[in-house]
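Inspection log for the structure reproduced underneath, given as structure tokens.
Only the coordinates and a few stated rules stand behind these numbers; no lab work does. Source: prediction; values computed, not measured. Here Cβ is always computed from backbone atoms with ideal geometry, including for glycine, and neighbour counts include all displayed protein chains.
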Amino acid sequence: MGLLNRLKKSRQLGNFIVFILMTLPSIGLFIAAKAEAVNWIWILIGMVILGNITALLLK
Amino acid sequence: MAFFVALTPILLILILMVGFKWSASRAGAAGYLWVLWTAILFFGANATLLAYAHAKALLLSIDVLMIIWAAFLLYRVTDEAGAIKAIGESLPHLTNERGMQALIIGWVFATFLQGVGGFGVPVAVTAPMMVGLGFSPLAAVISASIGHAWGVTFGSMGSSFQALIATTNLSDYSLAPFSALFLGIAGLAGGFMVAFICSGWKSIRRLWLAIIIIGTVMGATHYLTAISRLWNMASFVAGIAGLVMIFPLARLFPGEKIDNGILRWKSLLIALSGYLVLVAVILLVQVYPPMKQLLGKIILSFDFPEISTSSGLLRNTPFITPAGSGRKISLFNHTGMVLFYTSVFAYLVYRWLGCYSPGSVQRIISGTLKSVLSPSVSITSMITMAVIMEIVGMTDILARGMAGSVGALFPIISPWIGALGAFITGSNTNSNVLFAGLQMQTALLLQLNKTIILAAQTAGGALASVLAPTKIIVGASTARMAGREGEIMRSLVPYIGFLILLISALTVVFLRVL
């Protein structure tokens, strides 16, 4: 929870990390979809989910 | 059952933001997670579908966010140079006539600020100016809110209109005319409201012709700029046109002879220089063919295959999205890049004119980052949510349900859907992201002109965005009305409600006529 508290204190850093987790995996998702790499798709979607959960917990 | 389940993400955002007072970024994240779960369980979303949905959403997000980031940057560049303050300080010196002052600051200048900044800036800047001139704080906040509302869609360098284009995949050429027309008419009505709020019927009897002249000039400029494919500066140019009209009109209504200070022309011209750079860059990049061609060479585009759902609890037959390219982004002549070039050149001009103090670059960058991150999170999650809803067929289910239940009343209800979206999410942009696709599909099912319905969507969203709790809080705090947000909202509702009814009427009339 130390990391979460640090992110809560630095709102900009927290939002930045959330934004990265929400967007960058999508590039990998396109590649994984083209390659039909289902396992990688779920891993990357998991990262997006993590970003959204972090957004929920930050405020 | 399918209709209700498809509606739940939107209901969730409504409940979280209005009932639990969650921020847009938090509610957007919750909405995304809910849509993901319902799409997989009920509507047959599979891994490949979700992967392509996220990729499509990323392209749409980049398309919208480039404008928002650059618009914030440009605003910071000009604000740090003291340009906004200098322009605002010059205006009251033009006249002592109270109603005219209200129109100049609460309507015309607020429209200009919406054009170049938006994001709550018009009320935050003009409300305290009006309080300083002796208007009551309540009158200052509600007149500034109403005065700039019509400029929201094509304001902030067109970010809300960009979202409309991105989510409907229609051209700006087809969407701009009715959107600009509806908003221009609402803008004229807004001018009368501003005069009434600040100075009563007496002011309207005295200034009605001035209001019609200013409103017509601003509305016509707004319309012509929007349909000329320069929609990203339609509200900005309309504001400039209004400011230019103010000079001769203010002389006709000087008011009582009291010492109101002198107009510092040199400061005003220095302040406006950044905006002259904006006009020059936009004309060079978007109108001058050789430059447009040169900068348009690099396009970000991906081809998506046909996407199909699997079985779900509420889906027996696959919902198919045909193959096609996602949102194409012309990297170097995108509106966002144009604003970025403008920011750089404007910074150099203001620096050469000696407008900056030490540390300005750091303040500009940190101020921009502080402002853009939260909206970026909310826009990204809501766009992803909307794309998933579209690709699994949830939007189609909602559209069919609405077409079936509302039917002939849909044109009347259409702007209210946009208004609801803006009220819930706090912005015209997010409302367009959430509902434009749904509105377009419903219009197609009911065989209605989709550009008129989408104009109603964005106009309703623009007008109601001023009722968003975050904007009201900003206005209340700058006008020393903190804690009285409820009073502001109650005062605003009848005026905004009337303007949205006006849009409903325009929608019905134009659908019948055309």
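Which of the aspartates and glutamates could be linked to B:Lys202 by a straight reach, that is with a Cα gap under 17 Å, when you skip same-chain ones fewer than 8 residues away? Reachable aspartates and glutamates: B:Glu97, B:Glu256. Couplings 3J(HN,Hα) for segment B:101-107, derived from phi with the Karplus relation 6.51 cos²θ - 1.76 cosθ + 1.60 (θ = phi - 60°), are 4, 4, 5, 4, 8, x, 10 Hz, where x marks Gly and Pro.
Per residue and in cubic angstrom, what volume does the convex hull of the Cα atoms of segment A:2-58 have?
Here the figure is 58 Å³ per residue.
Filter B:Lys266/B:Lys328; A:Lys34/B:Lys450; B:Lys21/B:Lys370 down to the pairs with a C-alpha to C-alpha distance above 32 Å, please.
Details: B:Lys266/B:Lys328 43 Å; A:Lys34/B:Lys450 34 Å; B:Lys21/B:Lys370 21 Å.
Beyond 32 Å: B:Lys266/B:Lys328; A:Lys34/B:Lys450.
Checking every one of the trypsin sites (Lys or Arg not before Pro) in segment B:326-428 against DSSP loop status and a limit of 16 other Cβ atoms within 10 Å picks out B:Lys328. Treating cross-link reach as a plain straight distance, find the aspartates and glutamates whose alpha-carbon is under 19 Å from the alpha-carbon of B:Lys56, omitting any fewer than eight places away in the same chain. Those aspartates and glutamates meeting the cut-off are A:Glu36, B:Asp303, B:Glu306, B:Glu390, B:Asp396.
Each of the GluC sites (Glu not before Pro) that DSSP puts in a loop and that has at most 14 other Cβ atoms within 10 Å breaks chain B; the longest unbroken stretch is B:1-255.
Arranged from fewest to most other beta-carbon atoms within 10 Å of their beta carbon, B:Leu514, B:Leu454 become B:Leu514, B:Leu454. Couplings 3J(HN,Hα) of segment B:270-275, computed from phi: 4, 4, 6, 4, x, 6 Hz, in residue order, whole Hz [Karplus 6.51 cos²θ - 1.76 cosθ + 1.60, θ = phi - 60°; x for Gly and Pro]. Rounded to the nearest 10 degrees, the inclination of helix B:469-478 to the longest alpha-carbon principal axis of chain B is 20 degrees.
More than 28 angstrom separation, counting every C-alpha pair in segment B:2-513; what % is that?
Details: 67953 of 130816 pairs.
Tail of P(r) above 28 Å: 52 percent of Cα pairs.
Helical content of chain B, expressed as a calculated mean residue ellipticity at 222 nm, amounts to -24500 deg cm²/dmol (DSSP H runs of 4 or more residues, -39,500 (n - 2.57) each, divided by residue number, nearest 500).
Against chain B, whose longest principal axis is taken from its Cα atoms, helix B:24-42 shows a tilt of about 20°.
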